[in-house]
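Below you'll find the structure, written out as C-alpha cells, and then a few comments.
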Amino acid sequence: MPSLEARTRLSLVSLTLAYIINALLADLGRGVADLSMLLLFVVSVALMSSRMRLIPLLPLLASAIGFSFEYIGLNFALPFGSYSYLRLRGFALQGVPVPVIVAWGVYAYTCYLAASHLTSGRMKLLSASLLMVLLDLALDPVMVERGLWKWNAGGEWFGVPLTNYAGWFLVSILSMALYALISGGRDLNVRLPHQAYIPYLSSYLVILMSSGPASTLPAYLAFSLALLPLLR
C-alpha cells in the first residue's frame, strides 16, 4: 500500500487532472467533461481521507449549504442578490441546477486543500473562504457572458453585484466552520505540501478558456491574484 505521503500526492494529482481534463474535454460536451471530472474528484477525496479522515464530509456539507442558500437566493434575492438561471433548468432541484450544487462541494474541497498549504488552525477556514470568493471573481462574469445565468440589476464587478461575493463568503465560511465543528477540528493543523495549491490554480483553467471579450479581464485579474501566494 502506498505511504501516507504518496496517497496525499496522488490525491492532489487526481484533483489537478480533474480540472485539466474538464477543460480539455469541454468541446465534447459538458456531460463527458463533467463526468470525467467528478470521477477524478471522487478518487481525490478517497485518497485524501487517509490524511484527513473526515474530509468527505466537507464537499457534502458545502453542497448542502450551497443549495440551501441558492434556493433562498432564487426566491428571496438573499444573500447574493437578484439573479436567474438561464440554462440547465431542466436538470435542477427546486430551481437550482444540479451542476451548481455539485460545484459548491468541489470548489470548497479544492479551496480547503489549498488553504491547508497556506495556513493552519482557524485561519485555514478564513483562507479557504477567501479563496472561494477570489475564484468566483473570475467565474461569475464568465458564466454571465456565456448565458448560464443573469443578474437582474447588473452589478459593480463586471455586471456582478458585490452582494454576490458577500454571499459566497457567507456560504463558504459556514461550510468550513460546520465541517470543523463536526470533525472536531482534527485536521485544522494538518499542513499539506506546496502541490496542494496546484489544483486550486487548475480550477481557473476552464474559466480562462471559456472567457469572452467581456469577461477576460476579470478572469485574468482574479487569476493573477491567485498567483500571489506563490511569491511567499
Within the stretch 142-151, is there a residue that is closer than 24 Å to Leu15 by Cβ, out of contact with any helix residue (DSSP H, G or I) (no Cβ under 7 Å at 6 or more places or on another chain) and assigned to a helix (DSSP H, G or I)? yes
Could you please let me know if Tyr220 is surrounded by fewer than 17 Cβ atoms within 10 Å (Cβ to Cβ), among the aromatic types (Phe, Trp, Tyr) and part of a helix (DSSP H, G or I)? yes
Close pairs (7 angstrom Cβ cut-off, 6 or more residues apart or separate chains): at positive phi and modelled with pLDDT under 95 in the stretch 86-114, part of a helix (DSSP H, G or I) and surrounded by fewer than 24 Cβ atoms within 10 Å (Cβ to Cβ) anywhere: Leu88/Pro99
Could you pull out the residue among Leu24, Leu54, Leu60 that is out of contact with any Pro (no Cβ under 9 Å at 6 or more places or on another chain) and more than 29 Å from Gln94 (Cα to Cα)? Leu24
Hey, could you check the stretch 1-10 for residues that are surrounded by 14 or more Cβ atoms within 10 Å (Cβ to Cβ) and free of Cβ contacts under 8 Å to residues at least 60 places away in the same chain and say which is farthest from the chain's Cα centre (by Cα)? Arg7
Please go through the stretch 12-39 and pick out each residue that is surrounded by fewer than 18 Cβ atoms within 10 Å (Cβ to Cβ) and not in a helix (DSSP H, G or I). Gly29
Return the residues of the stretch 117-141 that are part of a helix (DSSP H, G or I), over 20 Å from Phe69 (Cα atoms) and out of contact with any helix residue (DSSP H, G or I) (no Cβ under 6 Å at 6 or more places or on another chain); say none if nothing qualifies. Met123
Among the residues in the stretch 21-43, are any touching a residue at least 24 places away in the same chain (Cβ under 8 Å), in contact with a Ser or Thr (Cβ under 8 Å, 6 or more places away or on another chain) and under 21 Å from Ser175 (Cα atoms)? yes
Condition set more than 24 Å from Glu145 (Cα to Cα) and basic (Lys, Arg), scope the stretch 47-103, selection surrounded by the fewest Cβ atoms within 10 Å (Cβ to Cβ): answer is Arg53
Taking the stretch 191-217 and keeping only residues that are touching a helix residue (DSSP H, G or I) at 6+ places or on another chain (Cβ under 6 Å) and outside any helix (DSSP H, G or I), one is left with Leu192, Ser203, Tyr204, Ser211, Gly212, Ala214, Ser215
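For the stretch 156-182, how many residues are closer than 18 Å to Ser211 by Cα and surrounded by fewer than 21 Cβ atoms within 10 Å (Cβ to Cβ)? Before you say what the answer is, go through the steps one by one.
First, pick out the residues of the stretch 156-182 that are closer than 18 Å to Ser211 by Cα: 157-160.
Retained after the next criterion (residues that are surrounded by fewer than 21 Cβ atoms within 10 Å (Cβ to Cβ)): 157-159.
Total meeting the criteria: 3.
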Give me the pairs, please: first residue somewhere in the stretch 52-74 and free of Cβ contacts under 8 Å to residues at least 12 places away in the same chain, second residue anywhere and of a type in the set (A, V, I, L, M, F, W, C) and assigned to a helix (DSSP H, G or I), beta-carbon distance under 9 Å, and either six or more positions apart or on two chains. Pro56/Val45; Pro56/Ala46; Pro56/Met48; Ala64/Ile101; Ala64/Trp104; Ser68/Val171
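The values are calculated or read from the model by the stated rules, or taken from the named source; none is laboratory data. On a predicted model such as this, the values are computed, not experimentally measured, just so you know. Neighbour counts are summed over all protein chains in view; Cβ atoms, including those assigned to glycine, are modelled from backbone coordinates with ideal geometry.
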